[in-house]
Amino acid sequence: MLCPRNLSTLRGIMKIIDFLSKDAVKISLDSTAKKQVLEELVDQLVKARKIKKDINIRGRIVKSLIERERAGSTGIGQGIAIPHAKSDKIKNVIIAFGNSMNGVEFNSLDGEPAYVIFLMIAPRKSSGLHLKVLAKISRLLKDKFFRLELKDAKTPEDVIKIIEREDL
């Protein structure tokens, strides 16, 4: 049975909320180093049951994210990072969201730490959708007030409501 949220995708309207659940949201990241933040957000996806609880799968996904970071930083500036990678261990695009109170050094273009982090994993064979989701997240994050609201969110439910309201 399809989740009602996924109906928007079937109707041709892609919404970020179709790929992000409140269980995959971590309001206050514990880590302050990039690698540990990537691990923490992947663990959040495991907790949300978006990734199988298998140390080998988790390890491969984290390795893919680190390799992607080596190719070029996913810190896009203005306190934002969108780390992403592909995996043959998942069937659909999945997203985790994390807030960092202290900021995380992502080697952003503007040299500023990232506070708002969207982590995305896509199936290896989903280039088109992968790029569309990245573009949609980037478009939403261009709005300064949207970024500030996400940064100030107090609960996972707040994050979901903020995204639902803006993700038209």
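Throughout, read-outs are computed from the coordinates displayed, never taken from laboratory work. Just so it is clear, the model here is predicted, and its values are computed rather than measured. When we count neighbours, we look across all protein chains shown, and the Cβ atoms used for this are built from the backbone with ideal geometry, even at glycine.
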Problem set entry | Neighbour-count order for Ile160, Ile61, fewest beta carbons within 10 angstrom listed first | Ile160, Ile61
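For every other residue with a beta carbon closer than 11 angstrom to the beta carbon of Ala81, add +1 if it is Lys or Arg and -1 if Asp or Glu, then tell me the sum.
-2
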For this session: Add +1 for every Lys or Arg and -1 for every Asp or Glu among the other residues with Cβ under 14 Å from the Cβ of Val46, and state the total.
Result: +4
Exercise. Among the helices of the chain (complete DSSP H runs), which have Cα atoms covering no less than 30 Å along the helix axis and a Kyte-Doolittle mean of at least 0.0?
Worked result: none
Seminar exercise, completed: With Tyr115 itself left out, Lys, Arg at +1 and Asp, Glu at -1 over residues whose Cβ is under 14 Å from its Cβ give 0
Exercise. Residues in the stretch 63-96 near a label at Lys35, defined as backbone nitrogen under 14 Å from the 7 Å Cα→Cβ point?
Worked result: 63-70
Problem set entry | Partner lysines for Lys53 [C-alpha distance under 23 Å; skip if fewer than 8 residues away on the same chain] | Lys22, Lys26, Lys34, Lys35, Lys63, Lys86, Lys89, Lys91, Lys125
Problem set entry | Whole-Å distance, taken between Cα centres, linking the stretch 106-164 and the stretch 19-45 | 13 Å
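Mean residue ellipticity at 222 nm from the helices of the chain, using -39,500 (n - 2.57) per DSSP H segment of n ≥ 4 over the full residue count, to the nearest 500 deg cm²/dmol? Write down the numbers at each step before the final one.
Working: 6 runs with 70 residues, N = 168.
It comes out at -13000 deg cm²/dmol, rounded to the nearest 500.
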